[in-house]
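Beneath this line is the structure, given in structure tokens, with notes to follow.
The values are calculated or read from the model by the stated rules, or taken from the named source; none is laboratory data. Being a predicted model, the structure only gives us computed values, none of them experimental. Here the Cβ positions follow ideal geometry from the backbone for every residue, glycine too, while neighbour counts run over all protein chains shown.
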Amino acid sequence: MFELVFLGTSASAPSIYRGLPALAVLAGEQRFLVDCGEGTQRQILRSGIGFKRLNRIFLTHAHLDHILGLGGLLSTYGRWEALDEIHIWGGLPAIERVQALVYQVIFRRESPPVPIYFYRTMPDEALFQGRNFSVRAFPVSHRGRECYGYIFEEDARRPFMAQKAEALGVPHGPERRQLVAGESIVTPAGRIVHPDEVLGDVVKGAKVVITGDLARTDDIHGAVQDADALVIEATYLDRHADIASQVGHITARQAGDLARECNVKFLFLTHISRRYREFEVISEVRKVFPDSYVVRDLDHFAVFRDKLPQKLESQFDADAEDELPAGDE
């Protein structure tokens, strides 16, 4: 299971109700941030998730509306040393722009108080390997070089069949862990038991795909295929498809068509333009893909394998600010 906390859902500029792009992905004890628009650190506090362990950041591209929030966030992290280290992935243009922000503006006359590690995103490689999930990148077409989307996917597994294990005399304890790990064991009665005797068929894990901004969808079918949740921009409506094409964005209808063609289970639409009413966007996309939702700031969802996401309660945690010590304002 993955949790998605939408911290900012507006396109290009904030509105009264929507902040600039940022999305927190929670995977067990691991926490990630995808993009960091202006005002993200305040949204983190409002969401209640706090700053703890939120030190891995994936950038989709170099445009300012997706990275300017890093200035305030890194300054806060550095000032209060809330984290031991920070890791940032992105295409080369994004990394260079953030490095200029960090070393020429925020920490111009001093070294950052905590190490900041930068990694150039490489497609189709495991950028992060967790205990039972991984994060990969895939290229998308947008304005500029090295724009990426990200795939959070649980490892496939073979379920352990306890009843069969009992019948074969497999005791509780390390022997069962060995079988799950693919190793044969010998029971106390001297019987050899192989993994195939007690493991079921392969079951895929939950898959979340986050595209960032993009100008076309025909080149990302492989990455999106069979996603349990697709988080994608819907900056324009179909009546403005020509404008969308000119400025490197897609329409809500195109997002729905992609989800339908790629067997996506559920579609989250974000990066919403201030020129449209929310009901216009959802009306357009649901004509082609009914299992769609236009996200709002601070929406919080749990994503599972092969069933619809569950909306969770997200409310301001009054204690979240206490994670940072009091100091001079």
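Quick rundown of the values:
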read-out: ALA24 being among the small types (Gly, Ala, Ser), touching a helix residue (DSSP H, G or I) at 6+ places or on another chain (Cβ under 6 Å) and at pLDDT 95 or above; value: no
read-out: Output for segment 130-175, where each listed residue is among the basic types (Lys, Arg) and within 28 Å of VAL209 (Cα to Cα); value: ARG131, ARG136, ARG143, ARG145, ARG157, ARG158
read-out: Failed condition for ILE57, given (1) closer than 25 Å to ARG305 by Cβ; (2) in a strand (DSSP E or B); value: (1)
read-out: Test: residue in segment 28-40 that is under 25 Å from GLY130 (Cβ atoms), of a type in the set (Asp, Glu) and either over 18 Å from the mean Cα position of the chain (by Cα) or in a strand (DSSP E or B) (or both); value: yes
read-out: Enumeration of residues in segment 228-265 that are without any contact (Cβ under 8 Å) to a residue 60 or more places away in the chain, surrounded by 20 or more Cβ atoms within 10 Å (Cβ to Cβ), over 14 Å from ALA215 (Cα atoms) and among the hydrophobic types (A, V, I, L, M, F, W, C); value: LEU230, ALA259, VAL264
read-out: Only listed residue being in the same structural domain as ASP218 (by TED's automatic domain parsing), surrounded by 17 or more Cβ atoms within 10 Å (Cβ to Cβ) and more than 19 Å from LEU230 (Cα to Cα), chosen from ALA94, ALA137; value: ALA94
read-out: Yes/no for GLU3 being of a type outside the set (Ser, Thr, Tyr) and either at pLDDT 95 or above or in contact with a helix residue (DSSP H, G or I) (Cβ under 7 Å, 6 or more places away or on another chain) (or both); value: yes
read-out: Residue that is surrounded by the fewest Cβ atoms within 10 Å (Cβ to Cβ) [pool: residues in segment 100-134 that are in a strand (DSSP E or B) and touching a Phe, Trp or Tyr at 6+ places or on another chain (Cβ under 6 Å)]; value: TYR119
read-out: Residue, surrounded by the most Cβ atoms within 10 Å (Cβ to Cβ), within segment 10-27, restricted to residues that are over 16 Å from GLY149 (Cβ atoms) and of a type in the set (A, V, I, L, M); value: LEU20
read-out: Where GLU280 falls short, out of the listed (1) of a type outside the set (Gly, Ala, Ser); (2) more than 16 Å from the chain's Cα centre (by Cα); (3) at pLDDT below 95; (4) in the same structural domain as VAL224 (by TED's automatic domain parsing); value: (3)
read-out: Neighbours by Cβ (under 9 Å, 6+ apart or cross-chain): first from segment 108-133, among the hydroxyl-bearing types (Ser, Thr, Tyr); second part of a loop (DSSP other than H, G, I, E, B); value: TYR117/GLU85; THR121/LEU59; THR121/GLY91; THR121/GLU146
read-out: Pick from segment 196-220, criterion at pLDDT 95 or above and out of contact with any Asp or Glu (no Cβ under 8 Å at 6 or more places or on another chain), ranking: surrounded by the fewest Cβ atoms within 10 Å (Cβ to Cβ); value: ASP218
read-out: Residues of segment 41-78 that turn out to be within 23 Å of GLU146 (Cα to Cα) and of a type in the set (S, T, N, Q), as a count; value: 2
read-out: Selected residue (only one of ASP257, ASP322, ASP328, ASP317 is of a type in the set (D, E, K, R), at negative phi and modelled with pLDDT of 95 or more); value: ASP257
read-out: Condition broken by VAL193, with the remaining ones in (1) in the same structural domain as ARG296 (by TED's automatic domain parsing); (2) surrounded by 13 or more Cβ atoms within 10 Å (Cβ to Cβ) satisfied; value: (1)
